[in-house]
Amino acid sequence: ALDSADLSGANLAGAKFSGAYLRGANLSGADLHGADLAGADLIQTVAVGATFADANLAGAAAGSVDWTGAILPDVNFVGGYFTDSNLTDVDLSRSDLSLSFIEGLDLTGATLTSATLADAAFADGLQFSGADLTGSTGPGPLATSVSFSASTICSDGVSASVTGDSCAGIGVGW
């Protein structure tokens, strides 16, 4: 079992962890480029500064994860559960989070350029302060407690300060 395993700094590029139970594991600084983590249980993992570029996290459960500074471009996270996690300064460029359940995330300073969030279920407690949403496709109606700031760049490349610290009505679906 890999629950609570210390895989910090490990080279796990291309690894096959589909359906793996990695609850509480330390993946800080690990290289998971191109890894298959479809359906994996990542609840309470620590992935600070880890690289997940081109990884498959479709259907993964990622609750209470510390992703601070993680590199997640071009990740398939379709149908995943992304809850109560710190995604400060992460790179989710071109990642696909469609059909995912998203709640309680701190995306302060995150890069979501050209990310796909179509049909994602956005629940309360989302923080997009200083995030870059340029070119992203947003979800349907947002939950009531979604926070943007003047430094947030909306999907059309315009600062949220232009619309009163909101991306509502800006771009596609936001």
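Miscellaneous remarks
- For D84, the criteria (1) assigned to a loop (DSSP other than H, G, I, E, B); (2) surrounded by fewer than 19 Cβ atoms within 10 Å (Cβ to Cβ) hold in every case but one, which is (1).
- Number of the exception - S161 against (1) over 20 Å from D84 (Cα atoms); (2) assigned to a loop (DSSP other than H, G, I, E, B); (3) modelled with pLDDT under 75: (2)
- Within segment 33-62, the set of residues being in a strand (DSSP E or B), open to solvent by 10 Å² or more (accessible area, probe 1.4 Å) and not hydroxyl-bearing (S, T, Y) comprises D36, D41, V46, N56, A61.
The values are calculated or read from the model by the stated rules, or taken from the named source; none is laboratory data. Every value quoted in this text rests on a predicted model; they were computed, and no experiment measured them. Cβ sites come from the backbone with ideal geometry, for glycine too, and all protein chains shown count toward neighbours. Heavy atoms of the whole protein, side chains included, go into the accessibility calculation; ligands, DNA and RNA do not. Shrake-Rupley method; radii C 1.70, N 1.55, O 1.52, S 1.80 Å.
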